[in-house]
Amino acid sequence: MPDRLPAILRPRRRTFALNLALVLAIAVSVGFLSAYFAVERGPAFGTLNLGVWEARPSQGTREADPYSAATHARTGRVPLADGEGLVFLARTDSSGALLSPACDYVIAGQAAPARLWTLVPLDAGLHLVETQGPRTSLDSRHLLRRPDGEFIVTAAARARPGNWLPTSADANGLVFALRLYDTPLTTGTGVANVPMPSIFRGDCR
């Protein structure tokens with residue numbers, strides 16, 4: 001069928017079609033990106049913040065938000081079950097600077113009450129990093145402490161005296177994960193004035 005539009009209107013129709021296609025492409029891209037970041041990081045529903053440490057007590061329970069459930073389904077990570085424990089993540093040091101695998105860190109103070117806790121380094125995708133040390137974590141059972149119960153941990157790629165947490169300078173980002181097992185925090189009690197360690201940046205390469 002011949003095009004019956006006047007010749008003067010044809011360029012406008014093409015411009016409108018191009019603008020419509022551009023708007024649709026932007027809308028689809030924004031939709032996919034927002035869905036990706038929502039699943040990758042997830043909105044902070046029910047977040048518990050203690051200093052630089054962040055936890056989501058509802059993860060691993062029936063009350064878990066859909067974003068957390070989608071994140072665990074996509075990544076295959078299994079959260080600690082309700083009553084089993086709680087995972088705190090730290091992505092910044094105590095000055096607010098993003099943690100870097102190129103830097104050493106001192107993690108000092110006390111941890112929240114728990115029967116047992118472990119401290120591990122993760123990359124930006126929350127995967128366990130490959131280290132050159134014989135182990136990849138520290139736990140509260142094998143920790144040197146001061147007389148007042150406080151501890152000092154040095155997180156570095158190379159071995160350090162005392163409490164050494166191996167990291168990797170080649171990792172894609174750095175996140176510290178503090179897992180508290182059998183802690184009263186899972187019941188929502190004793191949250192006020194809970195001690196958590198501070199993180200201070202040392203030398204960077």
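Descriptive notes on the structure:
- Total formal charge among the other residues, if their Cβ is under 9 angstrom from that of VAL52, Lys/Arg +1 and Asp/Glu -1: -1
- Accessible area per residue, Å², the range 94-187 with all protein chains present, probe 1.4 Å: 50
- Report note on the peptides 139-151, 105-117, 173-185: ranked by the mean count of other C-beta atoms within 10 Å, highest first, their order is 173-185, 105-117, 139-151.
- Full-stretch length increase - THR92, ARG201 - with 0.36 nm per residue and alpha-carbon distance subtracted: 38.3 nm
- Amide N of the range 135-173 lying under 20 Å from the label point, which is placed 7 angstrom from the Cα of HIS127 along Cα→Cβ: 135-137, 157, 166-173
- Full-stretch length increase - LEU22, ARG158 - with 0.36 nm per residue and alpha-carbon distance subtracted: 43.8 nm
- Within the accessible area of the range 95-205 (1.4 Å probe), percent carbon and sulfur: 51
- Net +/- balance of residues flanking CYS204 in space, Cβ distance below 12 Å, scoring K and R +1, D and E -1: -1
- Cβ-based net charge around GLN110, under 14 Å, with every Lys or Arg adding one and every Asp or Glu removing one: 0
- Residues with amide H under 5 Å from that of GLY51, placed H, sequence gap 5 or more: none
The values are calculated or read from the model by the stated rules, or taken from the named source; none is laboratory data. Owing to the predicted nature of the structure, the values given are computational and were not obtained by experimental measurement. Note that each Cβ is placed from the backbone with ideal geometry, even for glycine, and that neighbours are counted across all protein chains shown. Surface accessibility is based on the protein's heavy atoms, side chains included, excluding ligands, DNA and RNA. Shrake-Rupley method; radii C 1.70, N 1.55, O 1.52, S 1.80 Å.
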